[in-house]
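Single-structure report; data block below.
The values are calculated or read from the model by the stated rules, or taken from the named source; none is laboratory data. Predicted model only: the values in this text are computed from it and were never measured. Glycine also receives a Cβ, built like all others from the backbone with ideal geometry; neighbour counts cover every protein chain displayed. Ligands, DNA and RNA are stripped out before the accessible areas are found, and what is left, the full protein with its side chains, is counted by its heavy atoms. Shrake-Rupley method; radii C 1.70, N 1.55, O 1.52, S 1.80 Å.
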Amino acid sequence: MKAAFSLLLWFMVLGVQSQSIDVLKQQLESADDQEKPGIENAIAEAYFENKKFKKATEYAKQAIEHAKSIKNVSEELRGLINAGNSSKKHKKYDRAVGFFENSLPLASKAKNRALVFYAYESMGYCYTSLKKYNQAIASYQKAVSSSAKKGAEKASVYAQIGYCNFAISELKEAISNYEKANDLYARDPSPGAQSIMLVNLGKVYAQYGDFDKAVARLNTARQIAENNGFDNTVKRVNAAVESIERNKANKSDQLTDFDHDAIDQTEKYIHNIERAHVKSLKEIENLSVENQIKELKLLNQQNELMLKEQQAEAQKQDLARQKLKSAKTEAELKQVEAVNAQNAAELKQAEAESARTLAWLVAVGLASTLMLALVIMYVRNNKNLKLKNDQIALQNKELDKKNTNITDSINYARKIQNALLASNLGLSESFSEHFIFNRPRDIVSGDFSWCDIGENDSVIALADCTGHGVPGALMSVLAISSLEKIVKQLGTRNPTDILKQLNDDLYGLFGSDNTTNGQKTNQNTVKDGMDIVVINVNQTTNILEFAGSRNSMLRISNGELTELKGSKTHLGHGSGHKEFNYQQLPLSKGDLIYLYSDGFYDQKGGEDGKKYYPKRFREMLLENKAKSMTEQNETYQSILKTWRNGREQVDDILILGIRI
């Protein structure tokens, strides 16, 4: 069995080159049921070698059916792999995934881990081509876990996972998987693949905001490329490093994800210190109250002791006066009386002093009692206040949790929306120079751009949906879903026909079936649902086709700016619209094409807080026409920031530019 599967893999790589397709077909005509699957697979592999993928798929499917009928598992598995490879080369990725997925149970049953790895890896490639990045990541991860492969082959899979992470803005996960690939390449070098992977890793670090690591990985890529003569890779590294240096110079303008992570860690550390400090203050406060009570009690005891001593002294003086009365001589009596008078005066003085002392002690006692009562009230009020504060803190915590959950949900919705929008990865397949300036007012946006890249032409759409935030994002998702059906499934590529079908779809979703006097009314139609422009750029004929609804396109050619205006027709307000100002334009190399929403020139700012206005917007594009598209994107972001001058953003902003 193992020998049979090894032979299968050998056929897949080399093909059957020793026999012509005609000879194989002659053999097929006279073959019995047992021989047919093997010959049909051989014909499929021969067609594959000749790059006739549609024919290869047809014969591979025949081989699968015949192999199933005679229960020939090895030829059935061979046919599934052949059909998957042919469909993949024919760019029929959904169909290819089905063939590879059906091959997995047979390969697993045969315990052929290498073939299981190949099937999962091929599924990941197909999902990536379909821009279904989450499914691609899952397939690549299964490929890694299903095989004992190490070194460069495993590193290549981790690099593909990192690419998919980056495509859906999972920067930390992309860095983690690229670094795993880098570690494996360090143990099993593959200079070409490793240098390209390091260039991508450097760009991800730069996007994340860790410029030092970005430059370090790019320098490593440059060293590998120079040592192996990869001149194109060296050029890519130099361009990436120059871009990073410009971004580092402008880093003070905005915080990166890397900066936000560092700030979060610092805030957590400070919060822990503050909690410990508050606890120590409360302990000190409690200790001070206890000491105050002890001091008051001691003072009261001292005052009572002084009063008792004065009363004892008065009793001694009274006893001495009684003894003096028994003296016989008048002189002694007078002397005694004088002494008694003096003692009486002193006694009165002592009694007065005692009265004052007693009054002072009573006052101190009352003050102490009052202070003690205040302390008790303070402690009791503090307990009540603490209880209320704890309740408020708990409510705030619950509100924060709900707010976090809502924010996390909207952030995840932004990831979903971004996966549907036109991306730099998609546009780069047809246009070497382009940019997308997308700045939502809220987390998700009502403005969207969408593209479909064909073999000879590219369909690009840009729209401004009613509202912004979640309502606008929901409208954008509905419109993108309709465009996917119209262009990709139905094959419509003429801009006017696309807008006609999109209008009918929106009218079907939001229109009303009510009738008045036998005619349909459209009471529930969404007013001003969408301003949109659609273009088709044919790279073979250099012809641009345009159609628009309440939106325009700008072209700069030979230093002159031309505006193509869409019709005033509202999409979704009725069925059967026919006119969308369809136009055709010949294109020349170096022409600049701009699609945009009204968010940029409606932004209020400047010294007077007025709008930027379309005229100034067109002048801005003309002034910067000589710059690269990347530099234009950075310039327009800087101009917008200066114009706003701290003011709130009033609407979603979206500009898409391409250079022919």
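See the values below:
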item	result
Conditions (1) farther than 14 Å from ALA214 by Cα; (2) under 23 Å from the mean Cα position of the chain (by Cα); (3) not in a loop (DSSP other than H, G, I, E, B): number failed by SER169	(3)
Residue within segment 177-188 that is under 22 Å from ARG78 (Cα atoms) and out of contact with any Gly (no Cβ under 7 Å at 6 or more places or on another chain) present	no
Residues of segment 558-575 satisfying the condition of being touching a helix residue (DSSP H, G or I) at 6+ places or on another chain (Cβ under 6 Å) and either surrounded by fewer than 15 Cβ atoms within 10 Å (Cβ to Cβ) or among the small types (Gly, Ala, Ser) (or both)	GLY572, SER575
In segment 428-438, residue farthest from the chain's Cα centre (by Cα) [restricted to those that are crowded, with 17+ Cβ neighbours inside 10 Å and either of a type in the set (D, E, K, R) or part of a strand (DSSP E or B) (or both)]	HIS434
Some residue of segment 143-159 being in a helix (DSSP H, G or I) and within 22 Å of PHE211 (Cβ to Cβ)	yes
Pick from segment 179-201, criterion open to solvent by less than 40 Å² (accessible area, probe 1.4 Å) and not aliphatic (A, V, I, L, M), ranking: nearest to the chain's Cα centre (by Cα)	GLU179
Qualifying residue in segment 156-166 (condition: in contact with a Gly (Cβ under 7 Å, 6 or more places away or on another chain) and open to solvent by less than 20 Å² (accessible area, probe 1.4 Å))	no
All positions within segment 547-557 that are of a type in the set (Ser, Thr, Tyr) and open to solvent by less than 10 Å² (accessible area, probe 1.4 Å)	SER549
Strands (runs of 3 or more DSSP E) wholly inside segment 532-601 that include at least 3 residues being not aliphatic (A, V, I, L, M)	543-549, 552-557, 560-565, 583-586
Scan of segment 606-640 for residues that are more than 23 Å from GLU242 (Cα to Cα) and open to solvent by 30 Å² or more (accessible area, probe 1.4 Å), ordered by number	GLU607, ASP608, LYS610, LYS611, TYR613, PRO614, LYS615, ARG616, ARG618, GLU619, LEU622, GLU623
Which listed residue, of LEU425, LEU399, is open to solvent by 90 Å² or more (accessible area, probe 1.4 Å) and aliphatic (A, V, I, L, M)	LEU399
Test: residue in segment 445-463 that is part of a loop (DSSP other than H, G, I, E, B) and under 30 Å from ILE639 (Cβ atoms)	yes
LYS51 being part of a helix (DSSP H, G or I), over 19 Å from ASN112 (Cα atoms), open to solvent by 20 Å² or more (accessible area, probe 1.4 Å) and not hydroxyl-bearing (Ser, Thr, Tyr)	no
Residues that are in a helix (DSSP H, G or I) and either in contact with a strand residue (DSSP E or B) (Cβ under 8 Å, 6 or more places away or on another chain) or over 15 Å from ALA143 (Cβ atoms) (or both), drawn from segment 97-123	GLY98, PHE99, ASN102, PRO105, LEU106, LYS109
From ILE660, ILE655, residue being under 21 Å from PHE546 (Cβ atoms) and either open to solvent by 80 Å² or more (accessible area, probe 1.4 Å) or in contact with a Leu (Cβ under 6 Å, 6 or more places away or on another chain) (or both)	ILE660
Test: residue in segment 532-546 that is in contact with a strand residue (DSSP E or B) (Cβ under 6 Å, 6 or more places away or on another chain), closer than 24 Å to ILE480 by Cβ and open to solvent by 10 Å² or more (accessible area, probe 1.4 Å)	yes
Single residue of GLN637, GLN649, GLN632 found to be under 30 Å from VAL470 (Cβ atoms), outside any loop (DSSP other than H, G, I, E, B) and touching a residue at least 12 places away in the same chain (Cβ under 8 Å)	GLN637
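One line per residue, one yes/no per condition, for (1) open to solvent by 60 Å² or more (accessible area, probe 1.4 Å); (2) farther than 23 Å from LYS132 by Cβ; (3) without any contact (Cβ under 8 Å) to a residue 24 or more places away in the chain:
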residue	(1), (2), (3)
ASN456	yes, yes, no
VAL470	yes, yes, no
LEU474	yes, no, yes
SER482	no, no, no
LYS485	yes, no, yes
ASN494	no, yes, no
ASP497	yes, yes, yes
LEU502	no, yes, no
PHE510	no, yes, no
